[in-house]
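Visitor: Supplied in structure tokens, the structure appears directly below.
What follows draws every value from the coordinates through simple rules; no lab data is involved. Everything numeric in this text was worked out from a predicted model, so none of it was measured. Every residue, glycine among them, receives a Cβ derived from its backbone with ideal geometry; neighbour counts consider all protein chains shown.
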Amino acid sequence: MPEIPTDLTKAAKDLAAVAKDAGYVVIGAGVLGFQQAQVQRQEFMKRLGDPKAGLEERVNALRHDLNQALHSVDTTVEGAMERFEEIIERLEAAVAPLEDRLPASARDLAKQAHVQAKEARTQLRTMITTAAA
């Protein structure tokens, strides 16, 4: 038969030392787990905070792009209006000799048509300028 140690005090001390070491291991693992949870929480908060910080920059970039697009549209409309005015001037210059051949009453009607066309162009320019502003 194997020998059973009869010194219970030594066995109790060894058992207490093993339990103490196990307690330290459990507490150490708990502290490491808590620290890891804190690190993950901080990383998560950073990820949640970043979109808010970048939002202002994205809005400013969008405003800048929108202003550039509006400026481009304004430039295009102004160019189209200038070309339109040139075409009208050419047509009026081409039609002027024909109007001189018309009878007096027809000439008066043609002059009234020119005046109304100029007023319509002025109103159109005003509407476009107001819409662009």
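Visitor: Applying the selection to segment 85-102, what residues are of a type in the set (A, V, I, L, M, F, W, C) and without any contact (Cβ under 8 Å) to a residue 24 or more places away in the chain?
Guide: Initially, segment 85-102 is screened for residues of a type in the set (A, V, I, L, M, F, W, C), giving 87-88, 91, 93-96, 98, 102.
Ile87, Leu91, Ala93, Ala94, Val95, Ala96, Leu98, Leu102 - these are the residues of segment 85-102 that are of a type in the set (A, V, I, L, M, F, W, C) and without any contact (Cβ under 8 Å) to a residue 24 or more places away in the chain.
Visitor: Right, next: Mind checking whether some residue in segment 105-115 is loosely packed, with under 10 Cβ neighbours inside 10 Å and under 30 Å from Ala69 (Cα atoms)?
Guide: Within segment 105-115, none of the residues are loosely packed, with under 10 Cβ neighbours inside 10 Å and under 30 Å from Ala69 (Cα atoms).
Visitor: Follow-up. In segment 74-124, which residues are within 49 Å of the chain's Cα centre (by Cα) and among the hydroxyl-bearing types (Ser, Thr, Tyr)?
Guide: Residues satisfying the conditions are Thr75, Thr76, Thr122.
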